[in-house]
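Here the structure comes first, spelled out in structure tokens, and everything after it is commentary.
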Amino acid sequence: MPEGHTIHRLAADHLSRFGGRAVRATSPQGKFADGAALVDGQVMETAEAHGKHLFLGFPGSTWIHIHLGLFGKLGFGTAPAPPPAETVRLRLADTEAYADLRGPTTCALLTDGDKRAIHARLGPDPLRGDDGERAWRRVSRSRSSVAALLMDQKVVAGVGNVYRAEVLFRHGIDPYRAGRDLTRTEWDAIWADLATLMREGVRNNRIDTVRPEHTPEAMGRPPRVDDHGGEVYVYRRTGMPCHICGGEVRTAGLAARNLFWCPGCQPG
DNA sequence: GGACCATGTCTAC
DNA sequence: TAGACCTGGTCCC
């Protein structure tokens, strides 16, 4: 269940295992059989990510485009690969390693032109070294809530429900505030923080957002591990006390997703 | 074994 | 905004 940091990590993982090497490609599940046959035996030349989209590059300007969606997973293993499960959409393998893709929203072949079109409809990505200027132009003109804007991939590519909730908490911003009511200073701080948090997410392969001074050890409280593997302030902590003010963390539906925030620390 | 939920996105109404 | 879609983990019977 991936946000942008996971996809950038996966791009790097593909490059380190398969970059410059010929790979066998198969689709045990069958839904990508034609695509797999076309790249089978080809050299993986590059791998890159933009937001939550992963692109694996093969000769002849041919790309495998992968979007994991909510359920998709990519798992790596060491050769020899075991018989694949029936749900594996795509298996890439060489003599050293294999990668199994399951449950993606998208796994398709693209031309260069197709790929450019995807980049064009995505907003700037903090993990691609983009600056926040283009995003600010949209945010500062929008009546939509900052919570909705952060999840809009045309505005910012790569942010998902966890980073949205956490970055707004870290900056004390009410998720329902309209984008056009943010100050430039607030937006710049959010953008810079996203870049820092997401880079750390790539490095650690998990989302941690709690500042050192707010860890349980620093605050003299019992240790805790949030059930998605990282340390967070509000994500999926509904009804629990806020680490900072002790008030109750709240949740609400916003555009078919769960929004989490602390009304005490993020006043409207 | 079944219901339900999830870090996502698209489409139809 | 509701429903669809792709999978797997957890909880409850």
Review point. By how many nm would the segment from A:Ile244 to A:Ser140 lengthen if fully extended, with 0.36 nm per residue of separation less the alpha-carbon distance?
Key: 34.5 nm
Check your understanding: Once the mean 1/r over all distinct Cα pairs of chain A is inverted, what Kirkwood radius in angstroms do you read off?
Key -> 19.8
Check your understanding: So which lysines can A:Lys52 reach, going by Cα to Cα under 19 Å and dropping same-chain residues fewer than 8 places off?
Key -> A:Lys73, A:Lys115, A:Lys154
Study note, to complete from the structure: The percentage of the accessible area of region A:4-121 (probe 1.4 Å, all protein chains present) made up of carbon and sulfur atoms, to the nearest whole number, is 53
Review point. For region A:232-257 and region A:1-65, what is the separation of their Cα centres, given in Å?
Key: 37
Practice item. Please give the net charge around A:Ala36, taking every other residue with its beta carbon less than 11 angstrom from that of A:Ala36, where Lys and Arg add +1 and Asp and Glu add -1. Key: +2
Revision key, fill the gap. Taking A:82-88, A:196-202, A:162-168 and ranking on average Cβ neighbours within 10 Å, highest first, one gets A:162-168, A:196-202, A:82-88
Revision key, fill the gap. Contact order relative to length for chain A, counting C-alpha pairs under 8 Å separated by 6 or more residues, stands in percent at 16
Practice item. Scan chain A and note any complete DSSP helix (H) whose C-alpha atoms cover at least 18 Å along its axis and whose Kyte-Doolittle average is -1.0 or more. Key: A:4-18, A:184-204
Study note, to complete from the structure: Output ordering of A:242-252, A:211-221, A:90-100 (per-residue mean of other Cβ within 10 Å, highest first) is A:90-100, A:242-252, A:211-221
Point to revise | Percent carbon-and-sulfur accessible area, region A:126-261, ignoring ligands, DNA and RNA, probe 1.4 Å | key: 47
Check your understanding: Under a 1.4 Å probe, what is the accessible area of chain A per residue, stated in Å²?
Key -> 46
Review point. Shape of region A:74-123 from its Cα gyration tensor (a ≥ b ≥ c, root eigenvalues): rounded if a/c is under 1.5, otherwise prolate when a/b > b/c, or oblate?
Key: prolate
Study note, to complete from the structure: Here the net charge surrounding A:Val156, from other residues whose Cβ is less than 10 Å away from its Cβ (Lys, Arg +1; Asp, Glu -1), is +1
Review point. Can you give the calculated 222 nm mean residue ellipticity of chain A, where each DSSP H run of n ≥ 4 adds -39,500 (n - 2.57) and the sum is split over every residue, rounded to the nearest 500 deg cm²/dmol?
Key: -8500 deg cm²/dmol
Review point. Which Cα, out of A:Val234, A:Val156, A:Thr215, lies furthest along the positive dipole direction of region A:133-268 (beta carbon charges, K/R +1, D/E -1)?
Key: A:Val156
Review point. So who's got an amide H within less than 5 Å of the one on A:Leu254, skipping anything under 5 residues away but keeping other chains? H placed 1.01 Å off N, in plane.
Key: A:Leu259
Point to revise | Using θ = phi - 60° and Karplus 6.51 cos²θ - 1.76 cosθ + 1.60, couplings along region A:86-91 (whole Hz; Gly, Pro as x) | key: 5, 8, 6, 6, 9, 10
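The values are calculated or read from the model by the stated rules, or taken from the named source; none is laboratory data. Only a predicted model underlies this, so the values are computations on that prediction, with no experimental measurement involved. Please note: Cβ atoms are built from the backbone with ideal geometry, for glycine as well, and neighbour counts cover all protein chains shown. Areas reflect the complete protein model, heavy atoms only, side chains present, ligands, DNA and RNA absent. Shrake-Rupley method; radii C 1.70, N 1.55, O 1.52, S 1.80 Å.
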